[in-house]
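Structure first, then comments.
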Amino acid sequence: MAKVIRSYFKSENDAESAKAILNKLKINNPYIDKIPEDSESTILVPLGNVSTNTNIVSTPSAIAPLKGYNGKEDLAVRKYLLEFEVDEEDHQDALAILMDSDGFVDPNHFE
């Protein structure tokens, strides 16, 4: 079953770069859109590795939103949306790519 992921970036170039890396996974219907200036704000959080494993290599299954993030000034500059569908088997890998690409997500995605 596919999951829809929406990730927010500072620039169109950042979103395009993330999309190019994501293309190695099983993604469908990727698109990038500029968020209108007068749109309502959405609470977004950066992704982080929440693994308690001390290995240097991170495991994709440990990607989750960082808790307690309060970078409102950073959220204001997230003006580009990258939305796509990803197969469940590639979901954590997609989140890892977004984390490495400085993409923010809606924390409700994890509920």
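Derivation of every value follows stated rules applied to the coordinates shown; laboratory data play no part. Keep in mind that what you see is a predicted model, and the values were worked out from it rather than measured. In this analysis, Cβ positions are derived from the backbone assuming ideal geometry, glycine residues included, and neighbour counts consider all displayed protein chains.
Whole-Hz Karplus ³J(HN,Hα) for region 95-108, in order, using 6.51 cos²θ - 1.76 cosθ + 1.60 and θ = phi - 60°, x for Gly and Pro?
Along region 95-108, the couplings run 5, 5, 5, 5, 4, 5, 9, 6, x, 9, 10, 6, x, 5 Hz.
Using Cβ contacts closer than 10 Å as the measure, can you line up I32, I21, I97 from fewest to most?
The fewest-first ordering by Cβ neighbours comes to I21, I32, I97.
Provide E89, E37 in ascending order of the number of other Cβ atoms located within 10 Å of each residue's Cβ, fewest first.
Final ranking by Cβ density, sparse to dense: E37, E89.
Taking H as built 1.01 Å from N, whose amide H comes closer than 5 Å to the amide H of R78, not counting residues under 5 places away?
Amide H neighbours of R78: none.
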